[in-house]
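Asker: Supplied in structure tokens, the structure appears directly below.
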Amino acid sequence: MDSRKRIIIDFKKLTPDLLALLVEKYPEGYDDHHIIKFKNTKNHWIEAVQIDTDEVTYLVKVSINLAVTMENYDEDHSLDFEANDPNTIQDSEL
């Protein structure tokens, strides 16, 4: 059994490191077969894509903003920010 902690996270809380992992795992973006659907503790349906680190499995909530953020990801630009600071990931303009 996998002993990693599981965390549900919104794209707004992604750090540059986590965004880089997400883009690396899904370089062409994600589609329906990548999406995990489950009910949270409040019995609401959640759709997410999974990324893993050594200690944590992140379930990143799927939204149009996540797709746009991934599309606009620029690795060189992300190097200008702190790797663990979720405030560096900004809302995307639709």
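The values are calculated or read from the model by the stated rules, or taken from the named source; none is laboratory data. Fair warning: this is a prediction, and the values are worked out from it, not measured in the lab. Please note: Cβ atoms are built from the backbone with ideal geometry, for glycine as well, and neighbour counts cover all protein chains shown.
Asker: Sort out which residues of the range 24-45 are at pLDDT below 90 and either under 24 Å from Asn72 (Cα atoms) or surrounded by 13 or more Cβ atoms within 10 Å (Cβ to Cβ) (or both), and write them in order of number.
Answerer: Those that are at pLDDT below 90 and either under 24 Å from Asn72 (Cα atoms) or surrounded by 13 or more Cβ atoms within 10 Å (Cβ to Cβ) (or both): Pro27, Glu28, Gly29, Tyr30, Asp31, Asp32.
Asker: What number of residues within the range 1-23 satisfy the criterion of being closer than 16 Å to Asn72 by Cβ and either of a type in the set (A, V, I, L, M) or in contact with a strand residue (DSSP E or B) (Cβ under 9 Å, 6 or more places away or on another chain) (or both)?
Answerer: The total comes to 7.
Asker: Return the total of residues in the range 1-11 being more than 10 Å from Val60 (Cα to Cα) and either in contact (Cβ under 8 Å) with a residue 60 or more places away in the chain or surrounded by 12 or more Cβ atoms within 10 Å (Cβ to Cβ) (or both).
Answerer: Residues meeting the conditions: 1.
Asker: Among the numbered conditions (1) within 19 Å of Glu71 (Cβ to Cβ); (2) of a type outside the set (A, V, I, L, M); (3) within 12 Å of the chain's Cα centre (by Cα), tell me where Thr57 comes up short.
Answerer: Status for Thr57: all satisfied but (1).
Asker: Could you give every pair whose Cβ atoms fall below 9 Å, whose first residue belongs to the range 14-38 and is farther than 15 Å from Val62 by Cβ, and whose second residue is outside any loop (DSSP other than H, G, I, E, B) and at pLDDT 90 or above, counting only separations of at least 6 or pairs across chains?
Answerer: Leu21/Ile51; Leu21/Asp52; Leu21/Tyr58; Glu24/Ile51
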